[in-house]
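The values are calculated or read from the model by the stated rules, or taken from the named source; none is laboratory data. A quick note: this is a predicted structure, and the numbers were derived from the prediction, not measured. Reconstructed Cβ throughout: ideal geometry from the backbone, glycine too, with neighbour counts over all protein chains shown.
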């Protein structure tokens, strides 16, 4: 446990944030007045009274390990626990020697990296707190992911009943991530110059292993009328999405570590306005798929997860559904643009990559995929046509932190078909580790699709928001997607 030599308003506020308490709850916890706690927020450099120093010492000592770890991380990010840095700042303040301009650049970049690390460590919890900024009606069931009735069909829609349309001349988005309100998330790159886009900062300061600016499909319209679906798409790029979503996440992370996660400290998020106005930003959805292996004897289901590796992907260190990926063409060839505007083809490519370790169709090649001669695609499609693979679309969902969108889908595969198609499934893939059990539960065919498992994953485990929402919607509509024969329906 880190020892606090002197409690200031900033450090007391950091303890409140670590405990996940409001000012009112923290005041009650300490036996202090609410206005006292509010004063600490307003005056971060004030030194607290001797009596309060002892109370806060006891509060920190009595906190559990998770709280103490968050406390140390918040103070480390804000720099208030770094006594050597404080001494350096003090010396600089009273020195007649002006520091080199490069020192400001280094400090700016270091602070940026620390917030990125905070997002990696605390992103799941931070997303839940960010969701609290929005109306509760926008939540997907009990999960802190966001959607609107216009984006969620009343019941799952068979994938063949969802039509995709192409808009050759899609309008330019209103926001790009280079606005003045985004500058607090953009570090200095040289004296007098900041990075102009967040993706440039990622590339030069903290690049993951998988980081390429490929073409992506941009969602322009969603319609779920008459029990069917229609989606309109235009052309965008992967970085167009990140330059908005990562700024939103970084801004929230920086506000959170300072104890100020509120609208007054989120200028770029405020500028965005209506979350569901698809003209405001490039909404390039991913596709999250809950893959259910259906036991033909009992009718029950099981599924797998992916534990994402933060060294390999932009947002890691949490669970996601398997498979999940960006909705993108399969190659950089212009021929792929319209051929791959197909949710099923995207899903099959992700199955091949994430469950079988076959990255041949990951989007980086220059040759379009010949689906008619690809054996795995032909086998998957044949099973779908025979009714032994049944893909459904559950809706479109937003992650509350980044506001990135995901098309939530569920695919039910009969057990003998699943076991044949995925008999060579891998334990790891380029994005992380395939997970078939949580805790002491060691099922042969994956996690059990039941209320206990779904509740645990969506309330206790670090499952990404859009994955949690997809899993929750699938459980809500389990009778439709599994059929009446399941014991869980």
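Structural remarks
- Out of 368, 310, sole residue that is closer than 20 Å to residue 427 by Cβ and at pLDDT below 95: 310
Every residue, every condition in (1) in a strand (DSSP E or B); (2) in contact with a helix residue (DSSP H, G or I) (Cβ under 8 Å, 6 or more places away or on another chain), yes or no:
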site: 398; (1), (2): yes, yes
site: 409; (1), (2): yes, yes
site: 417; (1), (2): no, yes
site: 453; (1), (2): no, no
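- Looking across the range 197-243 at every residue that is in contact with a strand residue (DSSP E or B) (Cβ under 9 Å, 6 or more places away or on another chain) and part of a loop (DSSP other than H, G, I, E, B), the one that is farthest from residue 176 (Cα to Cα) is identified as 228.
- Residue match in the range 17-35 (condition: in contact (Cβ under 8 Å) with a residue 40 or more places away in the chain and assigned to a helix (DSSP H, G or I)): yes
- Only one of the numbered conditions (1) out of contact with any strand residue (DSSP E or B) (no Cβ under 8 Å at 6 or more places or on another chain); (2) surrounded by 15 or more Cβ atoms within 10 Å (Cβ to Cβ); (3) under 30 Å from residue 482 (Cα atoms) is not met by residue 123, and that is (3).
- Filter result for residue 453 (under 19 Å from the mean Cα position of the chain (by Cα) and buried (at least 18 other Cβ atoms within 10 Å of the Cβ)): no
- Among residues of the range 36-56, those that are within 35 Å of the chain's Cα centre (by Cα) and over 16 Å from residue 10 (Cβ atoms), counted: 0
- Among residues of the range 463-483 being out of contact with any strand residue (DSSP E or B) (no Cβ under 6 Å at 6 or more places or on another chain) and not in a helix (DSSP H, G or I), the one that is nearest to residue 139 (Cα to Cα) is 477.
- Restricted to strands (runs of 3 or more DSSP E) entirely inside the range 244-346, those with at least 2 residues that are surrounded by 23 or more Cβ atoms within 10 Å (Cβ to Cβ) and in contact with a helix residue (DSSP H, G or I) (Cβ under 6 Å, 6 or more places away or on another chain) are 286-294, 319-321.
- Each residue in the range 1-16 was checked for being in contact with a strand residue (DSSP E or B) (Cβ under 9 Å, 6 or more places away or on another chain) and either assigned to a loop (DSSP other than H, G, I, E, B) or touching a residue at least 40 places away in the same chain (Cβ under 8 Å) (or both), and 3 of them qualify.
- When the range 165-196 is filtered for residues that are assigned to a strand (DSSP E or B) and either exposed (fewer than 14 other Cβ atoms within 10 Å of the Cβ) or not assigned by TED's automatic domain parsing to the domain that holds residue 397 (or both), the ones remaining, listed by number, are 165, 188, 189, 190, 193, 194.
- Taken over the range 205-243, the residue count meeting the criterion of being buried (at least 18 other Cβ atoms within 10 Å of the Cβ), under 22 Å from residue 122 (Cα atoms) and touching a helix residue (DSSP H, G or I) at 6+ places or on another chain (Cβ under 6 Å) is 2.
- Output for the range 93-144, where each listed residue is in a strand (DSSP E or B) and either at pLDDT below 90 or within 19 Å of residue 251 (Cβ to Cβ) (or both): 144
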